[in-house]
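First comes the structure, then the notes that go with it.
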Amino acid sequence: MKDSDRTLGSDRTFGGPDEALTNSSEESPTLPPGTILATRYQIVDLLGVGGMGAVYKAFDRQLTRVVALKTILPEMAATPTALRRFKQEVLLAQSVVHKNVVRIFDIGEDGAAKFITMDLVEGVDLKTLISERGKLPSAEAAGIIRQVCEGLQAAHAAGVVH
């Protein structure tokens, strides 16, 4: 890991492999269901916790739709590098429009809580799919890889390197 990828006082990176979601909330304080952020987003459920924060299923009370709400840990939000990267993630992601790339809607804060909202994609992640089913048939695996490549191609065309 390069020093420029580290947040101050941490070996964790922003947007790197350490950000994979888990269902454990040991490291990160989580928001209970019913919590309202910025008078707009009501937390419905915790989807996962990673090295940078947590992702929730939330209800946007203003637009009456369900979204994913990604928070950043307060200690990360306090570091200029992590906060800059968090905002950069939003700006870059908004420039990519493709069916295989999640849409970012909003960036906000509520007290010490900094968050972004995005499309909520229902279903299981690839890691869970493989752990539940084992090795995927070649045609299915190729279809998944094709979708990932198409999303990456759209990102690269917009100048985003993931």
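Between beta-carbons, use under 13 Å as the cut-off and find the net charge around Val44, counting Lys and Arg +1, Asp and Glu -1.
After counting each charged neighbour, the total is 0.
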dims of the range 52-162, Cα set, principal axes, largest to smallest, nearest Å -> 48, 31, 29
In whole Å, how far is the Cα centre of the range 112-162 from that of the range 35-69? 20 Å
Protein-only accessible surface order, largest first, of Met118, Met52 at 1.4 Å: Met118, Met52
Subtracting the Cα-Cα distance of Glu75 and Lys135 from 0.36 nm times their residue separation yields 17.7 nm
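In the structure shown, do any of Lys57/Lys99; Lys57/Lys135; Lys70/Lys135 have a Cα-Cα gap over 25 Å, and if so which? Before the final figure, lay out the partial values.
On the way: Lys57/Lys99 20 Å; Lys57/Lys135 29 Å; Lys70/Lys135 30 Å.
Violating the 25 Å limit, Cα to Cα: Lys57/Lys135; Lys70/Lys135.
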Accessible area per residue in Å² at 1.4 Å probe, computed on the range 96-145: 67 Å²
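The values are calculated or read from the model by the stated rules, or taken from the named source; none is laboratory data. Being a predicted model, the structure only gives us computed values, none of them experimental. All Cβ positions, glycine included, derive from the backbone under ideal geometry; neighbour counts span all protein chains shown. SASA here: full protein model, heavy atoms, side chains in, ligands and nucleic acids out. Shrake-Rupley method; radii C 1.70, N 1.55, O 1.52, S 1.80 Å.
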